[in-house]
Amino acid sequence: MDSLARLHDDVVSCRACPRLVAWREEVAATKRAAFHDEEYWGRPVPGFGDPDATVLVVGLAPGAHGANRTGRMFTGDRSGEWLYRALWRAGLADRPESTARHDGLRLLGAYITAPVRCVPPANKPTPAERDRCRPFLERELALLRRVRVVVALGRFAYDAVAAHEGLRPRPPFAHGLEVDLPSGRVLVCSYHVSQQNTFTGRLTEPMLDAVFDRACALAGERPHGVRAIDPGA
């Protein structure tokens, strides 16, 4: 029987892509100056979250000095700051920040994953690397049986989920796009929370909040019951 625990171990031990193995380990060895005294994870990054999730968030791949450093999806970089604040505001996380693998953060009715588990050079995995990693995402989608809504952060995630589902015809990717999947789940699309999008204003926090509000509505009811309120707002 497959399980999320077994999948976690299989992901972490994977060395199937020589280029990605070399790059993730080089980044972990050279480090960024700001993190020179930290030990980098430097391995494939498993999914993270609530095993009873109704909302699945799919990104692209670990960040070089974020998840590749901390060992948890979207943790330790600017993209993660944006994502976890939005999840908290939507009631899908119990705090607005994710700083380390063992910081106590809990996702509430949500799970985060990516089609590629190792940091790729220039954030661009090759088609062969994407395909070798695909079984991990397929196993997650099978194991997370309660997921009703998949939030795709960016075109790469959208294409990965659509390919897994055999979606035909496939509408062009767009922020806010909603697609009914053959499995009965709903796919909701957002621009990726990359710095390129958030710094330029292509993606704003209200835009991201609207995506997660819609995802929660489609999933049934907020796992947290009500929207979290920022005491500093």
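Taking K and R as +1 and D and E as -1, what net charge do the other residues with C-beta under 15 Å from the C-beta of residue 160 add up to? Present the calculation step by step, with values, prior to reporting the outcome.
Working: positive: 117, 124, 130, 132, 134, 139, 155, 170, 185; negative: 129, 131, 138, 140, 159, 165.
Once positives and negatives cancel, what remains is +3.
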key: Under Karplus coefficients 6.51, -1.76 and 1.60, residue-wise ³J(HN,Hα) of the stretch 21-26 in Hz, glycine/proline x   = 4, 5, 6, 4, 6, 5
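Are there trypsin sites (Lys or Arg not before Pro) in the stretch 43-150 that DSSP puts in a loop and that have at most 11 other Cβ atoms within 10 Å, and which ones? List each step's numbers first, then the result.
Working: sites: 69, 72, 78, 85, 89, 101, 106, 117, 130, 132, 139, 145, 146, 148; in loops: 72, 101, 106, 117, 145, 146, 148.
Answer in residue order: 106, 145.
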inquiry  = Show me, for the stretch 148-157, the HN-Hα J-couplings you get by feeding each phi into the Karplus relation (A = 6.51, B = -1.76, C = 1.60, θ = phi - 60°), rounded to Hz, glycine and proline as x.
reply    = 10, 10, 10, 9, 9, 8, x, 5, 4, 5
key: the stretch 20-42 and the stretch 148-169: distance between their alpha carbon centers, rounded to Å   = 30
remark   = So, relative contact order of the stretch 1-71 in percent, Cα under 8 Å, 6 or more apart, is 38
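For residue 4, what is the net charge nearby, where nearby means another residue's Cβ is under 12 Å from its Cβ and Lys, Arg count +1, Asp, Glu -1? Before the final figure, lay out the partial values.
Details: positive: 6, 139, 145; negative: 2, 9, 10, 50, 52, 140.
For residues surrounding residue 4, the net value is -3.
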inquiry  = Modelling each spin label as a point 7 Å along the Cα-to-Cβ direction, I'd like the residue 1/residue 34 distance in nm, to one decimal.
reply    = 4.4
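FRET efficiency for residue 131 and residue 22, Cβ-Cβ distance as r, R0 = 25 Å, nearest 0.05?
On the way: r = 19 Å, r/R0 = 0.75.
That pair, residue 131 with residue 22, gives E of 0.85.
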task = Would you please give the residues with an amide H less than 5 Å from that of residue 43, counting only those at least 5 places away or on a separate chain, with H modeled from the backbone geometry?
result = none
ask   = Looking at the stretch 88-183, which chymotrypsin sites (Phe, Trp or Tyr not before Pro) are in a loop (DSSP not H, G, I, E or B) and have at most 10 other Cβ atoms within 10 Å?
value = none
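What's the local net charge at residue 198, with K and R +1, D and E -1, over the other residues with C-beta under 12 Å away?
0
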ask   = Over the Cα atoms of the chain, what is the Rg over Rh ratio if Rh follows Kirkwood?
value = 0.94
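Here, each number is a calculation from the coordinates, and none is a lab measurement. In this text, all values refer to a predicted model and were calculated from it rather than measured experimentally. Cβ coordinates were reconstructed from backbone atoms using ideal geometry, including for glycine residues, and neighbour counts include every protein chain displayed.
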